[in-house]
Protein chains: 2
Amino acid sequence: MPELKNDVFLRALMREPVPYTPLWLMRQAGRYLPEYRETRARAGSFLNLAQNPEYACEVTLQPLRRFDFDAAILFSDILTIPHAMGLGLDFITGEGPKFAHPLRTEDDVSKLQVPDMAKLQYVFDAVALIRKELDGKVPLIGFAGSPWTIACYMVEGQGSSDYRLIKSMMYSRPDLVHRILDINAQATLQYLNQQVEAGAQAVMIFDSWGGVLADNMFDDFSLQYTRRVISGLKRERDGRKVPVIVFTKGGGQWLERIAQCGADAVGLDWTVNLGQARQRINDSVALQGNLDPNVLFGGEEAVRAQARSVIDDFGPVGNGGHVFNLGHGISQFTPPEAVAALVDEVHTYSRSKHSQS
Amino acid sequence: MPELKNDVFLRALMREPVPYTPLWLMRQAGRYLPEYRETRARAGSFLNLAQNPEYACEVTLQPLRRFDFDAAILFSDILTIPHAMGLGLDFITGEGPKFAHPLRTEDDVSKLQVPDMAKLQYVFDAVALIRKELDGKVPLIGFAGSPWTIACYMVEGQGSSDYRLIKSMMYSRPDLVHRILDINAQATLQYLNQQVEAGAQAVMIFDSWGGVLADNMFDDFSLQYTRRVISGLKRERDGRKVPVIVFTKGGGQWLERIAQCGADAVGLDWTVNLGQARQRINDSVALQGNLDPNVLFGGEEAVRAQARSVIDDFGPVGNGGHVFNLGHGISQFTPPEAVAALVDEVHTYSRSKHSQS
């Protein structure tokens, strides 16, 4: 493997000194880029795009040709695992993902099994190919959904505004939901370890729907399974630690608990003040975030001012670690020039916060 | 006006001693009740139902015939104000509210005016009629949306998953959004005062979308306008204080700030632990909430156990005040018998928490 030329992202995750605040954006390889839309059109469907390592590699690299991001993230989807479990994933234009065979009955749940990882070889092939093509430019992030988040999709069968089906099952038959979560955790662990083996230099667990749980349910139904995945992860690659990031959308209130799940960094959405967050956890992990993606619609001046506000909120870096990101995936409607302004402002403005520390 | 027979709700809001924890449910007059669906079918549309005082009174009283709730809440909608402003409200089946003339340009915003309250007379007539028909059984809650929340609908034109339009305006032309909010606050103040004049014994402000704002935007674009409304409210009625409840969905992290906005009680969703919430604000206001509405799909045993869990989280009432509620409106799919079990458990189980205090 070629030498890594930019390790600012990896060092910030480990709370080591860095010259500036690194950044990447959730869904940076995505529909806001015309070249992505062009590749997707050639692929014919989202699933073809994600399942073909050449296409996945191509779209992963596209944003790095435009912007000076400090990390690449594998182009894939959190629903690859349930797809490999045989739930029949499809992406319906304008509606999002949908499963032909959601888990609704005890029988559905009892038949669920950890899938053969060979069915996910296309993901590992994509990781290996991207690593080769990146040629050490920046590190590559592998990822998976949290066991709870993919369980939401597996039971609901699609996105949901109220999570009524999985929560009905959780409150009436918690044993069934625990069985799904147990299998998801086993599958996710194997899946992430194979991504690391194929070349991923950091991994991120997206607990996108952890924040919909009640305070007294979050630990039992989401966090403990995330913790289980992390505790089994291979944490070294090329003689270097593989950092783990956990992002629970809407989980700011539970930061103290999330920060103890074994991750090196916690992602936060824009409802959290980063300075207060650091105090609450005493810089025990790095923080990733947390600009409102809608700032990117406010024009260059607002983009630069709000980026500075996030960096100021974090404050002098000291013993902390900060990776700049949005608090959610970038919108498909984002003008690419807003991203260029954001990257420039973060890289330029943040230098003063690092020289102080 | 007849004497109020059950003032447990009003006293709990003022943190006065009560024999048990009072409860009511957001959207308790709603689609989960067959008799509501029957009345709505007769009315022909949601707007006809809300704009006809007889129908509004009828559906307001329906849940009180079935369940031993400690308060009634006016049947209406938070979008009556923008409707009176001429934005052209319609409720499309399966899609929710939609405005024919959303605010998108500087010109749209500059034409916006505080509506003549005479256009909302049907609401005040409904309040007066409900008070008469209630005959002192329980207090009547009046309500409005927060200036920010109705502004979201006025700019987006309908519900939204990302609030891209209003946030684009907020970040690029904050002056326009402040103008909308200023007018909304003036209108909301007049509207709530007239509800109190017509007979409302408590008022609630639904800041349903405050929680989508970034930490550094919430005070400026939502909370300060809510505070402005509250500071102008007539707070006495029939020689008794009219308590104010503010509910910011997703605002648990900002509880300390919200608790200082002048309200007597703060509503919380299910992501917050009530005991920790009390400590954070040192019982300076009462709390309302916060059962996950999906618990009502878990069967009677789960309903009772989770209701006890909320009451236990709050703890011995002491100098605090607790009004039991859901953390969001009741789902239209809820089995009414689950509500009956909830009411019974809250009333029965909570007595021990009050006798201890």
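The values are calculated or read from the model by the stated rules, or taken from the named source; none is laboratory data. In this text, all values refer to a predicted model and were calculated from it rather than measured experimentally. In this analysis, Cβ positions are derived from the backbone assuming ideal geometry, glycine residues included, and neighbour counts consider all displayed protein chains.
Filter the range B:69-127 down to the residues that are of a type in the set (S, T, N, Q) and over 20 Å from B:Leu49 (Cβ atoms), then identify the one that is nearest to the chain's Cα centre (by Cα). Even if it seems obvious, please write down each step before you answer.
Let us first name the residues in the range B:69-127 that are of a type in the set (S, T, N, Q), namely B:76, B:80, B:93, B:105, B:110, B:113, B:121.
So of that shortlist, the ones also over 20 Å from B:Leu49 (Cβ atoms) come out as B:105, B:110, B:113.
Working: B:Thr105: 30, B:Ser110: 29, B:Gln113: 24 Å.
Out of the qualifying residues, it is B:Gln113.
Looking only at the range B:243-268, which residues are under 12 Å from the mean Cα position of the chain (by Cα) and farther than 13 Å from B:Ser222 by Cα? So that I can check it myself, show each step before the final result.
Of all residues in the range B:243-268, those under 12 Å from the mean Cα position of the chain (by Cα) come to B:244-249, B:265-268.
Result: B:Val244, B:Ile245, B:Ala265, B:Val266, B:Gly267, B:Leu268.
Which of the helices (runs of 4 or more DSSP H) found entirely inside the range A:134-238 contain at least 1 residues meeting this: within 14 Å of chain B (Cβ to nearest Cβ) and of a type outside the set (Gly, Ala, Ser)?
Values: elements: A:147-156, A:164-172, A:174-198, A:224-232.
Passing ranges, in order: A:147-156, A:164-172, A:174-198.
Would you be able to say whether some residue in the range A:3-17 is on the phi > 0 side of the Ramachandran plot and either polar (S, T, N, Q) or surrounded by 19 or more Cβ atoms within 10 Å (Cβ to Cβ) (or both)?
yes
In the range A:303-342, what residues are among the small types (Gly, Ala, Ser), crowded, with 22+ Cβ neighbours inside 10 Å and within 19 Å of B:Asp215 (Cβ to Cβ)?
Within the range A:303-342, the subset among the small types (Gly, Ala, Ser) is A:305, A:307, A:309, A:315, A:318, A:320-321, A:327, A:329, A:331, A:338, A:340-341.
Now restrict to residues that are crowded, with 22+ Cβ neighbours inside 10 Å: A:307, A:320-321, A:327.
Passing the criteria: A:Ala307, A:Gly320, A:Gly327.
Going through B:Gln288, B:Gln279, B:Gln306, B:Gln332 one at a time, which residue ends up being at pLDDT 95 or above, of a type in the set (S, T, N, Q), in a helix (DSSP H, G or I) and within 26 Å of B:Ala202 (Cα to Cα)? Walk me through it before giving the result.
Values: B:Gln288 fails: in a helix (DSSP H, G or I); B:Gln306 fails: within 26 Å of B:Ala202 (Cα to Cα); B:Gln332 fails: in a helix (DSSP H, G or I).
Being at pLDDT 95 or above, of a type in the set (S, T, N, Q), in a helix (DSSP H, G or I) and within 26 Å of B:Ala202 (Cα to Cα) holds for just one of B:Gln288, B:Gln279, B:Gln306, B:Gln332, which is B:Gln279.
Hey, could you check the range A:94-110 for residues that are without any contact (Cβ under 8 Å) to a residue 24 or more places away in the chain and under 19 Å from A:Pro174 (Cβ atoms) and say which is surrounded by the most Cβ atoms within 10 Å (Cβ to Cβ)?
Pass one, the range A:94-110, residues without any contact (Cβ under 8 Å) to a residue 24 or more places away in the chain: A:94, A:100-101, A:105, A:107-108.
From the residues that got through so far, the ones that are under 19 Å from A:Pro174 (Cβ atoms) too are A:105, A:107-108.
Details: A:Thr105: 10, A:Asp107: 8, A:Asp108: 16.
Looking at the filtered set, the residue picked out is A:Asp108.
I need the full set of residues from the range B:140-157 which are within 14 Å of B:Leu87 (Cβ to Cβ) and either at pLDDT below 95 or of a type in the set (Val, Ile, Thr) (or both), in order please. Walk me through how you get there before you give the answer.
Start the filter on the range B:140-157 by keeping residues that are within 14 Å of B:Leu87 (Cβ to Cβ), which leaves B:145, B:150-157.
Passing the criteria: B:Ile150, B:Val155.
With within 25 Å of B:Ile230 (Cβ to Cβ), buried (at least 24 other Cβ atoms within 10 Å of the Cβ) and touching a residue at least 12 places away in the same chain (Cβ under 8 Å) as the only criterion, which of B:Val114, B:Val123 stands out? Lay out the reasoning, then the answer.
Numbers: B:Val114 fails: buried (at least 24 other Cβ atoms within 10 Å of the Cβ).
Of B:Val114, B:Val123, the one residue that is within 25 Å of B:Ile230 (Cβ to Cβ), buried (at least 24 other Cβ atoms within 10 Å of the Cβ) and touching a residue at least 12 places away in the same chain (Cβ under 8 Å) is B:Val123.
Looking at A:Phe324 and the list (1) assigned to a strand (DSSP E or B); (2) at the interface with chain B (Cβ under 10 Å from one of its Cβ atoms), which single condition is not satisfied?
(2)
What helices (runs of 4 or more DSSP H) lie completely within the range B:5-89 and have 1 or more residues being of a type in the set (Val, Ile, Thr)? Break it down stepwise before answering.
Working: elements: B:8-13, B:34-43, B:46-51, B:53-66, B:80-84.
Those helices (runs of 4 or more DSSP H) span B:8-13, B:34-43, B:53-66, B:80-84.
Here's a check for you: in the range B:245-260, which residue that is surrounded by fewer than 24 Cβ atoms within 10 Å (Cβ to Cβ) and within 17 Å of B:Leu13 (Cα to Cα) is farthest from the other protein chains (Cβ to nearest Cβ)?
Here the answer is B:Ile245.
Given the criteria within 11 Å of chain B (Cβ to nearest Cβ) and in a helix (DSSP H, G or I), does A:Asp269 qualify?
Details: within 11 Å of chain B (Cβ to nearest Cβ): yes; in a helix (DSSP H, G or I): no.
Taking the combined requirement at face value, the residue does not satisfy it.
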